[in-house]
Amino acid sequence: MPNAEPISGCAGPVSVARACAPTFLAFAGIAYANSPTKNDAALIAVDTNILVYAHREDSPFHEQAFARLESLANSKAAWAIPWPCLHEFYSIVTHPRIFNPPSPQHAAIDQVEAWLECPNVHLIGETASHWGELCALLVAGKLTGPRVHDARIAAICIQHGVSELWSADRDFSAFPTLKARNPCLGQD
């Protein structure tokens with residue numbers, strides 16, 4: 001069951017037990033206003049399911065996802081979270097039909113704020129060229145219905161020069177120009 005008690009010694013927002021490490025919170029300032037460029041080397045983006053696994057201790061992949069996100073947060077390398085993945089994260093972890101009990105609203109918000117405090121994280125979203133990139137992916141993959149959301153995430157990642165998307169969703173294999181990998185499987 002989630003623990004909403006503050007973790008002593010942490011500055012800033014605190015999440016559920018072990019869902020945010022003190023290292024996620026120890027950084028001063030918010031760097032998410034900076035936008036990564038295609039010149040950033042090896043930019044990794046994180047999909048919703050990895051965020052959920054890292055946050056929810058009842059996830060069978062919690063330990064692996066938490067460790068991988070912690071390694072990103074503690075590195076000096078830039079990493080990214082697509083805006084739609086943050087929205088979807090909040091929606092999923094607070095949904096009572098998905099988790100019993102769901103994460104309390106304040107715990108989900110605190111978790112997002114903890115990620116945003118990492119100085120090397122960048123929030124990425126649609127650019128002016130988004131429709132063209134998305135349309136090309138939709139047509140090439142003959143995608144409709146619920147797969148459009150994955151194409152949206154892929155288009156955002158491609159637009160921002162993401163070199164690898166961490167996801168447990170195999171549907172991203174439909175986008176050959178975006179390397180997707182499940183970091184919970186231990187493959188490097």
Handout entry: region 124-188 - Rg over Rh from alpha carbon coordinates, Kirkwood radius
Key = 0.97
Exercise for the section: Return the long-range amide H neighbours of His122 (sequence gap of 5 or more, or a different chain), with a cut-off of under 5 Å between placed amide H atoms. Expected result: Trp79, Ala80, Ile81
Handout entry: Phi to ³J(HN,Hα) by Karplus 6.51 cos²θ - 1.76 cosθ + 1.60 over region 155-168, Hz, x for Gly, Pro
Key = 4, 4, 4, 4, 4, 9, x, 5, 8, 7, 9, 8, 7, 9
Fill in the blank from the handout: For region 41-188 the mean separation of alpha carbon contacts under 8 Å (6+ apart) over residue count, i.e. relative contact order in percent, is 29
Exercise for the section: Mind listing the long-range amide H neighbours of Leu165? Cut-off is under 5 Å, sequence gap 5 or more, other chains count too, H placed in the peptide plane at 1.01 Å from N. Expected result: Ala45, Lys179, Ala180, Arg181
Fill in the blank from the handout: A correct Karplus calculation of ³J(HN,Hα) over region 86-92, with 6.51 cos²θ - 1.76 cosθ + 1.60, θ = phi - 60°, whole Hz and x for Gly and Pro, returns 5, 4, 5, 3, 4, 4, 6
Fill in the blank from the handout: Simple SL model, points at 7 angstrom along Cα→Cβ for Lys76 and Glu126; separation in nm is 3.7
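Taken together, the values in this text are just the output of simple stated rules run on the coordinates, not laboratory data. All values reported here derive from a predicted model rather than from experimental measurement. As a convention, Cβ positions derive from the backbone with ideal geometry for all residues, glycine included, and neighbour counts pool all protein chains shown.
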